[in-house]
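A quick write-up on the structure given underneath.
Each value in this text was obtained by applying a stated rule to the coordinates, not by laboratory testing. Remember, it's a predicted structure, so these values are computed and weren't measured experimentally. Cβ sites come from the backbone with ideal geometry, for glycine too, and all protein chains shown count toward neighbours.
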Amino acid sequence: MIRIIAGGKKNVSWCQEACSEYEKRLRKPYDISWQVMDEDKMNKYLADWPFSTRDFVICLDERGKNISSDEYSDLLEKAFSNSKEVVLLIGGAYGFDDSTREKADFVWSFSRLVFPHMLARMMAVEQTYRAMQIARGGAYHHE
């Protein structure tokens with residue numbers, strides 16, 4: 001299971017539609033559950049760091065490491081093989097503070113560019129689908 005915790009506004013229709021298209025295709029352990037909350041509430045939630053050692057927390061942030069789709073697939077496969085639940089954190093308009101990035105198991109950057117949080121949500125779901133296809137040898141990902 002991959003739990004996505006996202007800050008900011010609830011999914012607007014175009015974002016929900018795009019995310020749903022990829023979510024329909026996902027299978028265990030790549031299936032996704034969402035928790036969307038306003039940014040202030042999310043920051044308070046993360047301040048108490050509600051995650052355990054059974055969670056592998058990935059923080060999406062432009063200051064993180066830029067990796068390939070293959071590397072993301074490997075990262076997820078390693079987490080799943082260690083019986084970890086994967087948690088993806090997607091910030092709102094103001095991103096994350098230093099302590100959140102420091103506590104995360106991995107800080108992932110899609111690019112040095114900054115993307116709107118709705119687009120980051122959609123990209124995270126598409127990349128998760130791509131990672132599943134890579135791991136299972138599917139035809140979706142081309143090299």
### Message
Could you work out how much longer the chain between ARG63 and GLN35 gets when fully extended? Use 0.36 nm per residue separation minus the Cα distance between them, nm to one decimal.
### Response
7.8 nm
#### Entry: Simple Cβ-charge dipole of segment 4-84, Lys/Arg +1 and Asp/Glu -1, about Cα centre, in debye nearest 20
240 debye
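Using the Cα gyration tensor of segment 49-130, with a ≥ b ≥ c the square roots of its eigenvalues, what is the shape: rounded (a/c below 1.5), prolate (a/b larger than b/c) or oblate (neither)?
Oblate is the answer for segment 49-130, as a/c is 1.5 or above yet b/c matches or exceeds a/b.
Assuming 0.36 nm per residue, please report the length gained on full extension of the stretch THR53 to ASP74 beyond their Cα-Cα distance.
Contour length minus Cα-Cα distance gives 5.6 nm.
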### Query
Are there trypsin sites (Lys or Arg not before Pro) in segment 36-143 that DSSP marks as loop and that have at most 15 other Cβ atoms within 10 Å, and which are they?
ARG54, ARG112
#### Entry: GLU21-LYS103 FRET efficiency (beta carbon distance; Förster radius 41 Å; 0.05 resolution)
0.80
## Note on the structure
Between the Cα axis of helix 117-136 and the main Cα principal axis of the chain, the angle (0 to 90°, nearest 10) is 30 degrees
### Query
Using Cα pairs under 8 angstrom and six or more residues apart, how large is the relative contact order of segment 2-136, in percent?
39 percent
### Query
In nm, to one decimal, how far is the ARG136 label point from the ARG3 one, both placed 7 Å along Cα→Cβ?
2.4 nm
### Task
Quick one: angle between helix 69-81 and the longest Cα principal axis of the chain, in degrees between 0 and 90, rounded to 10, please.
80 degrees
### Task
Would you list which aspartates and glutamates come within 20 Å of LYS41, measuring only between C-alpha atoms, while excluding same-chain residues fewer than 8 positions from it?
ASP61, ASP97, ASP98, GLU102
### Message
Using the basic label-point model (7 angstrom from Cα toward the beta carbon), what is the SER111 to GLU126 distance in nanometres?
### Response
1.0 nm
## Note on the structure
Note to self, the chain gives a 222 nm [θ] from helices alone (DSSP H runs n ≥ 4, -39500 (n - 2.57) apiece, / all residues, nearest 500) of -12500 deg cm²/dmol
### Query
Could you give the nm distance between label points at LYS44 and ASN82, where each point is 7 Å from its Cα heading toward the beta carbon?
3.2 nm
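Which percent, nearest 5, of DSSP beta bridges in the chain are antiparallel?
The antiparallel proportion sits near 0 percent.
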